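The values are calculated or read from the model by the stated rules, or taken from the named source; none is laboratory data. This is a predicted model, so every value here is computed, not measured. Ideal geometry is used to build each Cβ from the backbone, glycine not excepted, and the neighbour counts take in all protein chains shown. Just so you know, the surface numbers come from the protein's heavy atoms only, side chains and all, with ligands and any DNA or RNA stripped out. Shrake-Rupley method; radii C 1.70, N 1.55, O 1.52, S 1.80 Å.
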Amino acid sequence: MLLQVLGTAAGGGLPQWNCACPGCSGARAHPERRRRHASLAVQAGEGTWYVVNATPDIGDQIEDGAGLRPGPGRRRTPVAGLVLTDAELDHTLGIARLREAERLEVVATAPVREALIDRLRLGAVLDPYTSVTWRELPRRGDGPLDGGTSAVRISALPVSGKRPRYAADAPDDDAWVVALRLYDTATGASAVYAPALAAWPERLRQAAAEADLVIVDGTFWDDEEPRRSGISDRTATGMGHLPIDGRGGTAELLAPLSARCLYTHLNNTNPLVDPAAPQHKRLADLGIEVACDGMVIEC
Ligand code: MLT
Ligand code: MN
Ligand code: ZN
């Protein structure tokens, strides 16, 4: 299975346009620290890719991705569709960015699809531009990534009922935020991708224990970080993101796994955005990595 990390930042990116915090200022001074919004491309078959989450950076992410540029036909694109882990704006604003598509397939759970159609009015807005097809992301069992013959199968593991703020009064559902399990029937390899993680439920625990690759939510280093940095009066957990460090943090969940483990969706307040931060050694000692934009991973 072939994967490409197209971005590794939380909402706002690094640097964020209106922020002069040390993380954002550091990224302006050292362009190699810049991170695009968290996204992953998954190869469904030769010359066919699905992009997980449509970020505000998606146009540049496709342009810079290996094998994602169009051609040889004038309007032939290897990007066959989008898979969404949630309905948050940092993961969905890029859908409208792709309106030049002849057709666009979006794979999502029912609450996510309904939020985009009923709240953001994406169906009605995009209708005059392109033909959007919605496909259900399977929560029970799995299905082929491309809805057809792909050897890569995909399934959703619900991880949170947290709704986006623009859909705060939308109905409860445990699949507002999901982790993805990708399973390659040709090689037996599997990967878990969870850029937003409010809990570590049993199905996710099992999938992670069997996986070869696990890429998870690294938004905040510790639970107090959002309050300490002044960006929120809630803790990381209260914002729907398990912190990396501390009791119940993701580092202690990932450390025992046999999979290659990486963090993504780093917020600009996370000390890990500074390559010199001592927290990098803490993770390295546990055998855990921080994902970089542009990483190509074969598993
Ligand atoms: C999140 O990851 O919690 C969301 O993207 C936050 C937001 O954009 O409001
Ligand atoms: Mn986010
Ligand atoms: Zn900042």
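Only one entry in A209, A186 is free of Cβ contacts under 8 Å to residues at least 40 places away in the same chain, more than 14 Å from ligand 1 (Cβ to nearest atom) and open to solvent by 40 Å² or more (accessible area, probe 1.4 Å), namely A186. Evaluation of G248 against the conditions (1) more than 16 Å from ligand 3 (Cβ to nearest atom); (2) buried (at least 16 other Cβ atoms within 10 Å of the Cβ) shows that the sole unmet condition is (2).
Does A9 satisfy the condition of being within 16 Å of ligand 1 (Cβ to nearest atom), open to solvent by less than 10 Å² (accessible area, probe 1.4 Å) and in contact with a Lys or Arg (Cβ under 7 Å, 6 or more places away or on another chain)? When the stated conditions are applied, A9 passes them. Any residue in the range 79-92 that is open to solvent by 30 Å² or more (accessible area, probe 1.4 Å), in contact with an Asp or Glu (Cβ under 7 Å, 6 or more places away or on another chain) and either at pLDDT below 95 or within 16 Å of ligand 2 (Cβ to nearest atom) (or both)? No; the residues of the range 79-92 include none that is open to solvent by 30 Å² or more (accessible area, probe 1.4 Å), in contact with an Asp or Glu (Cβ under 7 Å, 6 or more places away or on another chain) and either at pLDDT below 95 or within 16 Å of ligand 2 (Cβ to nearest atom) (or both). Would you be able to tell me the number of residues in the range 134-153 that are open to solvent by 70 Å² or more (accessible area, probe 1.4 Å) and either among the β-branched types (V, I, T) or over 21 Å from the mean Cα position of the chain (by Cα) (or both)? Qualifying residue count for the region: 1. Would you be able to say whether some residue in the range 25-48 is of a type in the set (V, I, T), surrounded by 15 or more Cβ atoms within 10 Å (Cβ to Cβ) and in contact with a Cys (Cβ under 8 Å, 6 or more places away or on another chain)? So far as the range 25-48 goes, no, none of its residues is of a type in the set (V, I, T), surrounded by 15 or more Cβ atoms within 10 Å (Cβ to Cβ) and in contact with a Cys (Cβ under 8 Å, 6 or more places away or on another chain).
Within the range 281-297, if we keep just the residues that are within 29 Å of I62 (Cα to Cα) and free of Cβ contacts under 8 Å to residues at least 60 places away in the same chain, the residue that is most open to solvent (accessible area, probe 1.4 Å) turns out to be E289. Yes or no: the range 33-49 includes at least one residue that is within 28 Å of A277 (Cα to Cα) and more than 16 Å from ligand 1 (Cβ to nearest atom). For the range 33-49, residues within 28 Å of A277 (Cα to Cα) and more than 16 Å from ligand 1 (Cβ to nearest atom): present. Taking the range 183-299 and the strands (runs of 3 or more DSSP E) fully enclosed by it, the elements with 2 or more residues that are within 16 Å of ligand 2 (Cβ to nearest atom) and closer than 24 Å to L3 by Cβ are at 190-194, 213-217, 260-264.
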